[in-house]
Amino acid sequence: SVSTALMAREAKVNELQRMLTEKDSATEALRKSVADALLGFKGKGVNVEEKDGRIYVTLDNSLLFGSGKWDVGSEGTKALDQLSAVLAENPDINILIEGHTDDDKYYGGQVIKDNWDLSVMRATSVVKILTKNKGVDPTRVTAAGRSEYLPVASNEEDAGKAKNRRIEIILIPDYQALLDLINE
């Protein structure tokens, strides 16, 4: 009957609403945990924000790498170790690590040919540190290089270039249960 169908639809809408609210509060709790874990690095080139249901952790290269290098220094390693502890407590989050560069040409030589290579090597270095924590399952981690093609500031000035040289760690909650319900 029509009323039974309407009641079923209303129940589904209510369930979706409940799951969306739950998802939003879980995302906010994750953002807060990450921000708290990185509190000691405030003002040292760390930013944590929520956009579109994902958490973006942006780390300036000045915190992580020397110029043209891809091995992470001690201060950056400390920050990543603290982040990995939070990631280990959230096993159903997928983790995308993106390396970004400015548009200065890279003259590397043998291993690194250009900004594409450099951005990938930097992302991979971060992955290796995060996955040293046994609670961070490598199957949920992706390393990506974006080179100079997603700048957040103008490359005309040094301050802009510095902003563009960054690692973005994007935490992507698993919405499979929500998608399953929508597709039912």
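The values are calculated or read from the model by the stated rules, or taken from the named source; none is laboratory data. This is a predicted model, so every value here is computed, not measured. Cβ: placed from backbone, ideal geometry, glycine included. Neighbour counts: every protein chain shown. Heavy atoms of the whole protein, side chains included, go into the accessibility calculation; ligands, DNA and RNA do not. Shrake-Rupley method; radii C 1.70, N 1.55, O 1.52, S 1.80 Å.
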Among ASP174, ASP52, ASP114, which one shows the biggest mean-square fluctuation in a GNM of the chain, springs joining Cα atoms closer than 10 Å? ASP52
Between 0 and 90 degrees, rounded to the nearest ten: what's the tilt of helix 74-88 against the longest Cα principal axis of the chain? 10 degrees
Which log10 I(q)/I(0) values, to two decimals, does region 1-108 give at q = 0.14 Å⁻¹ under the Debye formula with one point per Cα? -0.68
Extent along principal axes [Cα atoms of region 48-102; Å; largest to smallest]: 33, 23, 15
Give the peptides 22-30, 139-147 in descending order of average Cβ contacts within 10 Å, highest first. 139-147, 22-30
What angle, in degrees between 0 and 90 and rounded to the nearest 10, separates the Cα long axis of helix 2-37 from the longest principal axis of the Cα atoms of the chain? 30 degrees
With contacts defined as alpha carbon pairs under 8 Å and 6 or more residues apart, what's the relative contact order of region 1-158 in percent? 19 percent
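Within the set LYS69/LYS132; LYS51/LYS78; LYS51/LYS163; LYS44/LYS113; LYS23/LYS128, which residue pairs have Cα atoms separated by over 23 Å? All intermediate terms of the calculation are to be shown ahead of the outcome.
Values: LYS69/LYS132 21 Å; LYS51/LYS78 25 Å; LYS51/LYS163 19 Å; LYS44/LYS113 29 Å; LYS23/LYS128 29 Å.
Distance filter (> 23 Å) returns LYS51/LYS78; LYS44/LYS113; LYS23/LYS128.
In debye, nearest 20: dipole of region 48-169 around its Cα centre with unit charges on the Cβ of K, R (+) and D, E (-)?
Values: 16 positive and 21 negative charges, 88 e Å.
Result for region 48-169 is approximately 420 debye, rounded to the nearest 20.
With N residues in the chain, what two-decimal value do you get for its Cα radius of gyration over 2.2 N^0.38 Å? All intermediate terms of the calculation are to be shown ahead of the outcome.
Details: Rg = 19.7 Å, N = 184, 2.2 N^0.38 = 16.0 Å.
Here the answer is 1.23, to two decimals.
Averaged per residue, what accessible surface does the chain expose to a 1.4 Å probe, in Å²? Walk me through the numbers before you get to the answer.
Working: 10540 Å² over 184 residues.
Value for the chain: 57 Å² per residue.
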If you bin every alpha carbon distance in region 66-136 into 5 Å steps from zero, what whole percent lands in each bin? 3, 16, 25, 21, 15, 11, 7, 3, 0
Tilt, helix 115-130 to longest principal axis of the chain (alpha-carbon atoms), in degrees rounded to tens, equals 60 degrees
